[in-house]
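Structure, as structure tokens:
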Amino acid sequence: MSDNTLLKPIRLGTLDLPNRVIMAPLTRQRAQQPGNIPHQLNATYYAQRANAGLIISEATQICAEGQGYAWTPGVHSAEQIAGWKLTTDAVHKAGGRIFMQLWHVGRISHTLLQPNGAAPVAPSAIQAKAECYVQEADGSHHKAPTSMPRALPTEELPGIVEAYAQGTRNAMEAGFDGVEVHAANGYLLDQFLCSDSNQRTDNYGGSVENRVRLVLEVVDAAVSTVGDSGRVGIRISPMGTFNGVDDANPLETFSHLIKELNSRQLAYLHVNKPDWVGGTYEGFDELLQALREQYTGQLILCGGMDASSGAEAIDSGLADVVAFGRPYIANPDLVARIQAGAEWNNINPATLYGGAEIGYTDYPTLNG
Ligand code: PHB
């Protein structure tokens, strides 16, 4: 037996995990077409990784408007729910646990991806300096600048919250062990949190209390739908600028959010480091330390770690659990490798998005 910190069991919310190695949510764009339906190939991929203490699914659109990239899976049609059952059954059969990450991209989308070619929705009508991925009518596909969004009127916000509630209901029906609210990386909820993308003058913009409001309504809707706050987590990316978001005062914004989350006793707070896409973020370590001290629940940290820095993050008290993204793509047996102190396979960037088995279910394990 190894005494590696990463291999110690932990209780997260109302879930017992055999280790502290989380599989991070990872977009792979391999849903079956047409209909963005999860299928057997996805079930095989996730089951190969059931050694994780917890798998968090790839970001999954809760409604058609929530999609920002071609071939990402949804959880809003009967076929998608049935398709996800293949994955949850396979993961459970392999001894694992899996949450679904609930996704609405907001303005990180394109008219080609939207029902009836409509404009994507956002807190304010401000175009993101970011790209999405589209498929043309002739089948060709490519990156594209995001389209100009329309600002959501206040009257439409209850419908957004209801879409998250429905997504939660569908995820639980599909057999997930819980849900993670995606409030990170410049997607819809992060667009509401960040001062630059949220220029609203109603109760959902302006002050920090207002910018945090929609996120809390979504969290509360997810909790009441699941009926167990210990099976709901949330992911944030303080100081992150991916997808063109920018917040004038991340310490103030995220401190307020955390103060509100503390009373809700969620399964966890999942923090994605801003440098996962490269770049340097002056002051992030201090910000993380401050947020860590404020949060009274369990914290998952994700971004650019290896076995030793992951264990160090836990040993130093910065995190309770760590999540691995790209390493889990390339190493289906990541926990066994940590246990054995073995080398990790390198990722092939060419097969990250789209395609089928190659670069998805064919990464070798230690046993070949
Ligand atoms: C992506 O598809 O590039 C993507 C999706 C979700 C994230 C980050 C990136 O949180």
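The values are calculated or read from the model by the stated rules, or taken from the named source; none is laboratory data. Predicted model, so just to flag it, every value in this text is computed and none were measured. Methodologically, a virtual Cβ is constructed for each residue, glycine included, from the backbone with ideal geometry; neighbour enumeration extends over all protein chains shown. The area values use the complete protein model at the heavy-atom level, side chains included, leaving out ligands, DNA and RNA. Shrake-Rupley method; radii C 1.70, N 1.55, O 1.52, S 1.80 Å.
With the condition kept exactly as written, say whether any residue in the stretch 200-218 is out of contact with any Phe, Trp or Tyr (no Cβ under 7 Å at 6 or more places or on another chain), within 16 Å of the ligand (Cβ to nearest atom) and under 22 Å from residue 59 (Cα atoms). The answer is no, given that none of the residues of the stretch 200-218 is out of contact with any Phe, Trp or Tyr (no Cβ under 7 Å at 6 or more places or on another chain), within 16 Å of the ligand (Cβ to nearest atom) and under 22 Å from residue 59 (Cα atoms). Checking every residue in the stretch 31-43 against the condition of being more than 12 Å from the ligand (Cβ to nearest atom) and assigned to a strand (DSSP E or B) gives at least one match. Do you know which of the residues in the stretch 172-197 that are open to solvent by less than 10 Å² (accessible area, probe 1.4 Å) and of a type in the set (A, V, I, L, M) is nearest to the ligand (Cβ to nearest atom)? Of everything passing the filter in the stretch 172-197, 184 is nearest to the ligand (Cβ to nearest atom). Determine whether the stretch 230-251 contains at least one residue that is in a strand (DSSP E or B) and of a type in the set (Phe, Trp, Tyr). No: the stretch 230-251 contains no residue that is in a strand (DSSP E or B) and of a type in the set (Phe, Trp, Tyr). The sole residue among 112, 102 that is open to solvent by 60 Å² or more (accessible area, probe 1.4 Å), outside any loop (DSSP other than H, G, I, E, B) and modelled with pLDDT of 95 or more is 112.
Given the condition away from the ligand (no atom under 16 Å from the Cβ), outside any helix (DSSP H, G or I), over 17 Å from residue 324 (Cβ atoms) and open to solvent by 40 Å² or more (accessible area, probe 1.4 Å), answer yes or no: does some residue in the stretch 266-279 qualify? Taking every residue of the stretch 266-279 in turn, none turns out to be away from the ligand (no atom under 16 Å from the Cβ), outside any helix (DSSP H, G or I), over 17 Å from residue 324 (Cβ atoms) and open to solvent by 40 Å² or more (accessible area, probe 1.4 Å). Taking the conditions exactly as written (outside any strand (DSSP E or B), over 17 Å from residue 247 (Cα atoms), modelled with pLDDT under 95 and away from the ligand (no atom under 15 Å from the Cβ)), does residue 165 satisfy them or not? Against the criterion (outside any strand (DSSP E or B), over 17 Å from residue 247 (Cα atoms), modelled with pLDDT under 95 and away from the ligand (no atom under 15 Å from the Cβ)), residue 165 does not qualify.
If the requirement is being in contact with a Ser or Thr (Cβ under 6 Å, 6 or more places away or on another chain), hydrophobic (A, V, I, L, M, F, W, C) and more than 30 Å from residue 145 (Cβ to Cβ), which of these qualifies: 221, 165, 184?
When all the criteria are applied, what remains is 165.
Counting only residues that are in contact with a Gly (Cβ under 8 Å, 6 or more places away or on another chain) and either farther than 16 Å from residue 65 by Cα or of a type in the set (D, E, K, R) (or both), the stretch 128-140 holds 3 of them. Output the residues belonging to the stretch 128-156 that are surrounded by 16 or more Cβ atoms within 10 Å (Cβ to Cβ), more than 15 Å from the ligand (Cβ to nearest atom) and of a type outside the set (A, V, I, L, M). Once the filter is applied, which keeps residues that are surrounded by 16 or more Cβ atoms within 10 Å (Cβ to Cβ), more than 15 Å from the ligand (Cβ to nearest atom) and of a type outside the set (A, V, I, L, M), the stretch 128-156 yields 147, 149. Which of the following residues is under 21 Å from residue 164 (Cβ atoms) and open to solvent by 30 Å² or more (accessible area, probe 1.4 Å): 227, 233, 206? The conditions single out 227. Of everything in the stretch 67-79 that is within 13 Å of residue 166 (Cα to Cα) and either of a type in the set (Val, Ile, Thr) or in contact (Cβ under 8 Å) with a residue 24 or more places away in the chain (or both), the residue that is most open to solvent (accessible area, probe 1.4 Å) is 76.
Being under 15 Å from residue 23 (Cα atoms) and away from the ligand (no atom under 16 Å from the Cβ) is the filter here, so list the residues in the stretch 95-116 that pass it.
95, 96, 97, 98
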